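Report on the following structure.
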Amino acid sequence: MAIETACDEAMRVLIAAPTRRDLDVTMQLLRKAGVESIPLEREPAAMLQQLRTEVGAVLLADASLDVRRMDALLAGLHGQPAWSDVPVVMLTRDRERSPSAARMVAALTNLTLLDLPVSTASMVSAVLAALRARRRQYDIRDQLVAQREAEQALREADRRKDEFIATLAHELRNPLAPIRTGLQALARLPASEQAQAVRVRQMMERQLRLLVKLIDDLLDVSRISAGKLRLERERVDMRGVIKAALESSGPVLDAGSHELHVDLPGSPVWVLGDPTRLSQIVGNLLTNAAKYTAAGGSIRVVLGAEGSDAVVRVVDNGVGIPPEMLERVFDLFSQVDNTLDRAQGGVGIGLSLVRQLVGLHGGSVVAESPGLGKGSTFTVRIPTIGSDPAKSSSTLAPSAAAAGMRRLRVLVVDDNADAADTLVMLLGASGHEMRTAYNGVAALRMAHEFRPDVVLCDIGLPRVDGYTVAARLRSDPQFASTMLISVSGWGTDEVQRRARDAGFDFHLVKPVDLDSVNRILERL
């Protein structure tokens, strides 16, 4: 019966026989049994080198080794790794009187003694049993290697997690500090300093957008990892995607005074995808380029069609990427420069999100760089579709001027009084008639008194939550045409599903963007 091996050399038998004829006969018998064998080297140095390679077993006769060769054999067997105990099968004419047999018995723990004369079947069976035991040793070795690699991967993941938490705390403090300072400044500014107050508010809005984007990216990574992120696919002209990404990344690019070059084709490049997520892909690449390119550096965006793919390239002349990091830059929490004093380095989720979103669109993304200090190129490929059809009418149109809207009765429900009052103030400035309620019970009472066209209702309300408010309003025929908009700090698919089931028409994630509210109100 032959021994199944993944590598013949790892299971070959080393043979030491008294004569050349004995060696040839033994090798022939083992070959018939499907076992590969080779002679044990005669010179001690060569024998030691032979035993350092993978060996299945050793088969020898006690008369085949002199003291010098015996010393070399035992030295080689004792020098094995901790997991290795090479099986030895020894043929002896008198185990009680053989000095070689006695020495082997005293020195080895994996020894089989066969008394001569021995039948061919017995010898072959002993060798096959030794090889089966050796195969189990190789299995243990492989398990130890896998365990060691898993432990190393866990240690690396733990190290990257610690770096991420420290960097995340740093990144959150960055925008929070100027927001707090801005609030203090606004409190101290005299009414006559209106222009300076505007600049402070603009600064605070920029910092708030950074915070919201950071949190949105973290939530997106979580949704993708859980398989809960859904794409709203439609026909999209990638030229519009690039323009939207440039607009969203404008503040970051402007802050670094980067020289921006945009190369768009004259004709549409159509893909089937989620326009918001596609813009997020390009926007993250632009933000990454801006972070790692010095002030005044060059960033170039190129769109084209190559074969059956829409190809977007974002090229910069920034810090570049070392060769060993070209693939790892897409790993979650991975950074080329992860020192905490490089605040613009981010938390290491943007490129990971790019790769995952591109993958959801059936595309690919690769990073290229000649090396550190020589810039980098990120290339995204998304499968194209046919030429220009009529654009989907389901896409929500951009917000019109507030002055052009119908005047609506709007009820805002939120237990956070600051959030509720601020939203009431902003929507009221657009001419809508506003009311406020700070809990679910008050919301239901106010709804019956006010008869609103629209209710913006927080989910996490005390006493009666937002789901219950919506369900009770929907059960009343007089609110059948009332638009219900849920508002929550949670944007998971489960929350949105529960909101729909309760009767909400739309779901918005805090902090609520006024333009998003206006786009919904324009539908009435």
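The values are calculated or read from the model by the stated rules, or taken from the named source; none is laboratory data. Small disclaimer: the values here were computed from a predicted structure and weren't measured. Cβ placement follows ideal geometry from the backbone for every residue including glycine, while neighbour counts extend to all protein chains displayed.
A few points about this structure:
- Qualifying residue in the range 34-41 (condition: more than 16 Å from residue 110 (Cα to Cα), touching an Asp or Glu at 6+ places or on another chain (Cβ under 7 Å) and surrounded by 14 or more Cβ atoms within 10 Å (Cβ to Cβ)): yes
- Among residues of the range 230-247 being closer than 24 Å to residue 293 by Cβ and touching a Ser or Thr at 6+ places or on another chain (Cβ under 7 Å), the one that is surrounded by the fewest Cβ atoms within 10 Å (Cβ to Cβ) is 244.
- Residues within the range 20-47 that are among the aliphatic types (A, V, I, L, M) and free of Cβ contacts under 8 Å to residues at least 40 places away in the same chain, tallied: 8
- Boolean, residue 321 is touching a strand residue (DSSP E or B) at 6+ places or on another chain (Cβ under 7 Å), among the β-branched types (Val, Ile, Thr) and in a loop (DSSP other than H, G, I, E, B): yes
- Within the range 109-128, tally of residues that are touching a Pro at 6+ places or on another chain (Cβ under 9 Å) and part of a loop (DSSP other than H, G, I, E, B): 1
- Of all residues in the range 18-41, those satisfying the criterion of being in a loop (DSSP other than H, G, I, E, B) and over 55 Å from the mean Cα position of the chain (by Cα) are 18, 19.
- Residue within the range 78-98 that is assigned to a helix (DSSP H, G or I), assigned by TED's automatic domain parsing to the domain that holds residue 134 and crowded, with 17+ Cβ neighbours inside 10 Å present: no
- Filter pass, residue 359 being modelled with pLDDT of 55 or more and either over 21 Å from residue 230 (Cα atoms) or surrounded by fewer than 13 Cβ atoms within 10 Å (Cβ to Cβ) (or both): yes
- Residue 162 meets the conditions (1) at pLDDT 75 or above; (2) over 30 Å from residue 250 (Cα atoms) in every case but one. The failed one is (1).
- Within the range 126-149, residues that are in the same structural domain as residue 90 (by TED's automatic domain parsing) and surrounded by 11 or more Cβ atoms within 10 Å (Cβ to Cβ) have Cβ atoms under 7 Å from residues that are outside any helix (DSSP H, G or I) and among the acidic types (Asp, Glu) in these pairs: 137/85, counting only partners at least 6 apart in sequence or on another chain.
- The range 485-520 - residue that is in contact with a Gly (Cβ under 9 Å, 6 or more places away or on another chain) and either among the hydroxyl-bearing types (Ser, Thr, Tyr) or over 25 Å from residue 223 (Cα atoms) (or both) and, of those, surrounded by the fewest Cβ atoms within 10 Å (Cβ to Cβ): 488
- Of all residues assigned to the range 222-234, none qualifies as being more than 19 Å from the chain's Cα centre (by Cα), more than 16 Å from residue 313 (Cα to Cα) and free of Cβ contacts under 8 Å to residues at least 40 places away in the same chain.
Yes/no per residue for (1) farther than 24 Å from residue 212 by Cβ; (2) in the same structural domain as residue 415 (by TED's automatic domain parsing); (3) not in a helix (DSSP H, G or I):
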{"site": "447", "(1), (2), (3)": "yes, yes, no"}
{"site": "462", "(1), (2), (3)": "yes, yes, yes"}
{"site": "469", "(1), (2), (3)": "yes, yes, no"}
{"site": "478", "(1), (2), (3)": "yes, yes, no"}
{"site": "481", "(1), (2), (3)": "yes, yes, yes"}
{"site": "491", "(1), (2), (3)": "no, yes, yes"}
{"site": "495", "(1), (2), (3)": "no, yes, no"}
{"site": "498", "(1), (2), (3)": "no, yes, no"}
{"site": "501", "(1), (2), (3)": "yes, yes, no"}
